[in-house]
Amino acid sequence: MRLLIRFAVMAALLWPVACMAEGVGTLTVTGMATVHAVPDQAILSLGVTTTGSTAAAAMAANNVAASAMMARLIAAKVADRDMQTTGLSLNPNWVMNAAGTAQEIQGYIASTMLTVRIAALETAGSVLDAAILDGANTLNGLTFGLSDPHPIEDEARKAAVADAVARAQVLAEAAGEDLGRILSITEGGGGHQPMPMPMLYKAAADSAVPLAAGEVGVSAEVTIVWQLVP
């Protein structure tokens with residue numbers, strides 16, 4: 001009998017907790033936002049590719065062209081710390097023989113790739129123009145970005161949270177519930193999204209390459225879990 005009474009008391013104590021757990025619902029919503037800003041720097045990937053009858057000849061020609069390209073960049077006010085060699089290769093030039101039965105080596109191809117950060121965005125066109133005047137004959141791409149993306153990233157995070165709150169309010173109202181306290185906030189996704197950037201090249205040797213920087217988009221994504229109040 002004493003055991004039965006103890007079980008009845010424990011059941012009575014646990015019953016309200018069980019009822020509360022069954023009555024609590026949650027709502028999970030993901031908010032997203034993108035904030036656009038005008039870029040203030042450019043990243044240029046370019047290099048020189050040369051050929052030679054021997055590996056040594058191809059590399060020697062490449063060294064001369066790469067040195068001339070770097071000298072032009074320095075003359076265009078690009079700092080040493082803003083230039084980095086990101087690729088160096090030397091490969092045989094394989095071609096099909098006259099009979100078309102096999103490939104054979106006809107000389108060698110050497111290549112040096114350089115990544116250049118252009119801090120003064122207004123000089124990007126003239127820097128690119130200077131580089132291709134002496135040596136540079138390979139262009140792998142040009143991207144625009146922000147030297148300090150943190151303020152824009154924070155704006156995007158705030159906007160993503162606001163988006164999640166707005167979505168949650170609509171969903172909770174439609175379900176006849178109220179939003180309670182926030183149980184968790186998780187950040188995910190995000191990143192930089194350069195907007196489409198037209199790039200044109202003028203053939204005139206005395207004019208800089210015309211560039212349009214456009215905008216860059218910084219996105220953020222947050223997932224918030226709310227407790228629902230009936």
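The values are calculated or read from the model by the stated rules, or taken from the named source; none is laboratory data. What you see is a predicted model; the values in this text were computed from it and never measured. Note: ideal-geometry Cβ built from the backbone for every residue, glycine included; neighbour counts use all protein chains shown.
One table, with the values for the structure above:
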item	result
Segment 130-156: number of residues that are surrounded by 18 or more Cβ atoms within 10 Å (Cβ to Cβ) and in contact with an Asp or Glu (Cβ under 7 Å, 6 or more places away or on another chain)	0
Residue match in segment 166-179 (condition: modelled with pLDDT of 95 or more, assigned to a strand (DSSP E or B) and more than 30 Å from residue 81 (Cβ to Cβ))	yes
Breaking point among (1) out of contact with any Asp or Glu (no Cβ under 6 Å at 6 or more places or on another chain); (2) closer than 30 Å to residue 153 by Cα, for residue 35	(1)
Some residue of segment 154-162 being farther than 26 Å from residue 86 by Cα, modelled with pLDDT under 90 and not in a strand (DSSP E or B)	no
Contacts under 6 angstrom Cβ, first residue in segment 94-107 being on the phi > 0 side of the Ramachandran plot, partner in a loop (DSSP other than H, G, I, E, B), 6 or more apart	107/53
Residue tally, condition free of Cβ contacts under 8 Å to residues at least 60 places away in the same chain, outside any strand (DSSP E or B) and of a type outside the set (Val, Ile, Thr), over segment 40-60	7
Evaluation of residue 109 against (1) part of a strand (DSSP E or B); (2) β-branched (Val, Ile, Thr); (3) over 26 Å from the mean Cα position of the chain (by Cα); (4) more than 17 Å from residue 62 (Cβ to Cβ) (one fails), failing number	(4)
Residue match in segment 80-95 (condition: modelled with pLDDT under 95, of a type in the set (A, V, I, L, M, F, W, C) and not in a strand (DSSP E or B))	no
All positions within segment 27-48 that are over 30 Å from residue 223 (Cβ atoms), surrounded by fewer than 17 Cβ atoms within 10 Å (Cβ to Cβ) and among the polar types (S, T, N, Q)	45
Filter pass, residue 84 being over 21 Å from residue 56 (Cα atoms), more than 31 Å from the chain's Cα centre (by Cα) and either surrounded by fewer than 19 Cβ atoms within 10 Å (Cβ to Cβ) or among the small types (Gly, Ala, Ser) (or both)	no
Any hit, segment 114-123, residues being at pLDDT 90 or above, within 11 Å of residue 44 (Cβ to Cβ) and not β-branched (Val, Ile, Thr)	yes
Check on residue 127, in a helix (DSSP H, G or I), closer than 30 Å to residue 210 by Cα and over 22 Å from the mean Cα position of the chain (by Cα)	yes
Selection count where residues are of a type outside the set (Phe, Trp, Tyr) and either crowded, with 17+ Cβ neighbours inside 10 Å or touching a Ser or Thr at 6+ places or on another chain (Cβ under 7 Å) (or both), scope segment 88-118	13
